[in-house]
Every structure is written in C-alpha cells, then in structure tokens.
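Derivation of every value follows stated rules applied to the coordinates shown; laboratory data play no part. Worth saying up front: this structure is predicted, and the values here are computed from it rather than measured. A quick note on method: Cβ atoms are made from the backbone with ideal geometry, for glycine too, and the neighbour counts reach across all protein chains shown.
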Amino acid sequence: EPATLGGRATAKARVSWSDEGERRTLETDTPTRTVLELTRRFDGEVPGLTVTRPTLEEVYLQLVALSPSEVAS
C-alpha cells in the first residue's frame, strides 16, 4: 500500500504556518500536538496551516541514499 511504503505513514510530518509574514516549518512525530499548540498560540485559527507527510518520491530518495561511510569509500 503506497501510504505505508518505506515507513511513509510513520515518517515525521511537516507542519507549516505563517508567522508575521514568514513561513515556518517544523518536522515532528506529533503533528496533532503541534497543531493544538499553534491553535492556542494564534487563538484559534493558524494562518497558512499545512500538515504533510513525505511524498513517495522523498521516501524513495531516502531509501536509496548512500550513507556517509559509503560516500567516503
């Protein structure tokens, strides 16, 4: 199933939002908690909120990436 390929379902989520005109992004294992904290901080509505998981392409690139020791060889 594509949603679980390469650990995609358990990979860190990216939570992004706008803060005083700047885009902020945080990678987290607890996106719901992060969104709740942002909701409190912004008093309800988080400007420009998005929550995403890595794409299949990103997961593939991580799976085939060389480790630092392989690069040094």
HN-Hα couplings for segment 53-61 via Karplus (6.51, -1.76, 1.60; θ = phi - 60°), in whole Hz with x for Gly/Pro, come out as 9, x, 6, 4, 5, 4, 5, 4, 4
The set of residues whose placed amide H lies less than 5 Å from the amide H of Asp19, leaving out same-chain residues fewer than 5 positions away, is Arg24
Lys and Arg at +1, Asp and Glu at -1: neighbours of Leu36 with Cβ under 14 Å from its Cβ sum to 0
